[in-house]
Amino acid sequence: MYSRYFLNRLGLLVFIMFVSLGLYGQFENGQGTPEDPYQVSSAEELDSVRDYLSSFFIQTADIDLSGYLNWDPIGLAPDAWGNAPFHGYYDGGGFIIENMTIDNQSDDFLGLFGYVMDAEIVNVKLENVDVSGTGTGVGALA
């Protein structure tokens, strides 16, 4: 099993590769502001929310997460590795996020959003969700 340090460093390397190739953080519409929130209409865009933790988002379509075998929560508890909570605004627009699975027996703060602080999450509908863990703060939404 890989250490969290190794996985964080590997994630940083992948992030640098995506930035250099121009493949990172692409939202089709929006600027991430209150007046013009990023529009989230796919699983890939929802996954990119974690890279803009203080931005504004609105979901514009139903999203199926069945392609993610083990969803990584958006926003992590602050720690020595520089993890940060979600402290933005997410409006689910009344659309559905379905087929989310999280099976993690060792981490805390598991859900669609892992750790939130001074955030607002509204109008989110979850269906067919399976979240299991033994840590602190385990739930479907946050």
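The values are calculated or read from the model by the stated rules, or taken from the named source; none is laboratory data. On a predicted model such as this, the values are computed, not experimentally measured, just so you know. Every residue, glycine as well, gets a Cβ built from its backbone with ideal geometry; the counts of neighbours run over all protein chains shown. Accessible surface areas use protein heavy atoms only, side chains included; no ligands, DNA or RNA. Shrake-Rupley method; radii C 1.70, N 1.55, O 1.52, S 1.80 Å.
Solvent exposure of the range 24-96, expressed per residue, is 48 Å² of accessible area, with all protein chains present and a 1.4 angstrom probe.
Inter-label distance, Asn128 to Ser66: 0.4 nm, where each label sits 7 Å from its Cα along the C-beta direction. Between the range 37-57 and the range 75-112, the alpha-carbon centres lie 12 Å apart.
Working from label points 7 Å from Cα in the Cα-to-Cβ sense, the His87 to Tyr52 distance is 1.9 nm.
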